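Structure first, then comments.
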Amino acid sequence: MKCPPHIIRLREPWEREVSTGHSTGSSRRLVLRRAFARPTGLVVTTRVLLAVAPFDHPAHVALNGSTLGSVLDATTSFDITSRLRDRNHVEINVPIHSPVDAINNVHLEIHELPP
């Protein structure tokens, strides 16, 4: 029987920083960052997903400095199991004018797969 995932919500505190575009001078963006520890009790059959709810505009997601992908119009989950460290940093990059209410719906899903 499949068990529901264990959910760990990544609520405040999120750091907020306004960033300019790269050397091309593209538009200003809001960078949201949050640190979290590696969940305890993980075993070989455990999968950890980072779920990010959609913002009003495309959001770009990175973990520990590596790009995971983009979130467009639906909650998107990224398998981060193999990328986890003892201390982790998630970063979400959105246009500066985006409302950030969706940040309250970012969470980890811990799935125990059958052996």
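Quick note: the coordinates plus some simple rules give every number you see, no bench work behind them. What you see is a predicted model; the values in this text were computed from it and never measured. Glycine gets a Cβ as well: all are built from the backbone with ideal geometry, and neighbour counts include every protein chain shown.
The residues on offer are Arg29, Arg16, and the sole one that is surrounded by 12 or more Cβ atoms within 10 Å (Cβ to Cβ) and either charged (D, E, K, R) or under 10 Å from Glu91 (Cα atoms) (or both) is Arg29. Looking only at the range 66-115, residues that are in a helix (DSSP H, G or I) and touching a residue at least 24 places away in the same chain (Cβ under 8 Å) come to 5 in all.
Name the single residue, out of those in the range 57-95 being surrounded by 13 or more Cβ atoms within 10 Å (Cβ to Cβ) and of a type in the set (Gly, Ala, Ser), that is nearest to Leu113 (Cα to Cα). Going through the qualifying residues, I end up with Ser77.
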